[in-house]
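A quick write-up on the structure given underneath.
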Amino acid sequence: MTTPPSRIKLRHIVPSIVTVFAICSGMTAVRMSLEGRIELALYFVLLAVFLDAADGKLARFLDSASPFGAELDTLADFFNFGIVPGMLLYNTLYVGTDFASLGWLATLVLAVCCALRLARFNLSLRGTEVKLKKDDYFVGVPAPALACLALMPVFLHLYGMQNTDWPVLRAFYIIGVGLLAISTVPTLSIKHASIRRAHLPFAVVGAVVLVVCLMVYPWPTMIAANCIYLASLPFSYLAHQKQLRRADLADTD
């Protein structure tokens, strides 16, 4: 039986520290929503999305990926992208209304779907039977995108929609977004997306415009981004089917 080393390199704990900061960001978002500071709460959720992307990149860059870090990241994702968005939705749109129970049901479905999604992801890392990622596609909507899509009613609320506008439709939308996370719909993975070298300047300009829009008009930009993402799902499905047909033809040759 080998004993663990008495010292550990700092680079091995940096990704986990970032993940802990993401949890703190999500918890602060809950506090801000309870205090009625909805915009600030959303900023903390977006910060958690950024930190979730950063900790994985740091783990690969520092060559410090570990089972502990993976488990901590999964717990952080469930809290930040399953629990926190539900709390924001309920506190902002449903608490104190006649549809509070319906809103609570929708947020429960959202949280459960996020948990099922992440459990399936953990299984995909440990075995070959369950695949959550294949080529350039995810299977279902990933957890950070799930949170952004689920918060669409809050973005619309900040943009002028009232709490009493379409409460039942909002609840069904939240449930539908949760079901997308556990579906088998192929969704594009930005991590492995590529563009032609000649299009690089346009991509850089587009990224700058996106950042500026997020700074100046954050909620209309998030609404537009969510709509574009949802509209892309049929195209990603068709592209994935085309890729599968090409692979089948290559195997038969």
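Just so it is clear, none of the values below were taken in a lab; they were calculated from the coordinates. Remember, it's a predicted structure, so these values are computed and weren't measured experimentally. In this analysis, Cβ positions are derived from the backbone assuming ideal geometry, glycine residues included, and neighbour counts consider all displayed protein chains.
Couple of notes before you dig in:
- Dipole magnitude of segment 10-252 about its Cα centre (Cβ charges: Lys, Arg +1; Asp, Glu -1), debye to nearest 20: 600 debye
- When only Cα pairs below 8 angstrom with a gap of at least 6 residues are kept, the chain shows a relative contact order of 17 percent.
- Cα-derived Rg over Rh, computed across segment 10-252 with Rh taken as Kirkwood radius: 0.98
- Sorted by Cβ neighbour density within 10 Å, fewest at the top, the residues 113, 24: 24, 113
- Between amide H atoms placed 1.01 Å from N, distances below 5 Å from residue 161 occur with no residue 5 or more places distant or on a separate chain.
- Net +/- balance of residues flanking residue 203 in space, Cβ distance below 11 Å, scoring K and R +1, D and E -1: +2
- Environment charge at residue 111 (Cβ cut-off 14 Å; Lys +1, Arg +1, Asp -1, Glu -1): 0
- Taking a Cβ cut-off of under 9 Å around residue 156, the surrounding Lys, Arg, Asp and Glu residues balance to a net charge of 0, with basic ones at +1 and acidic ones at -1.
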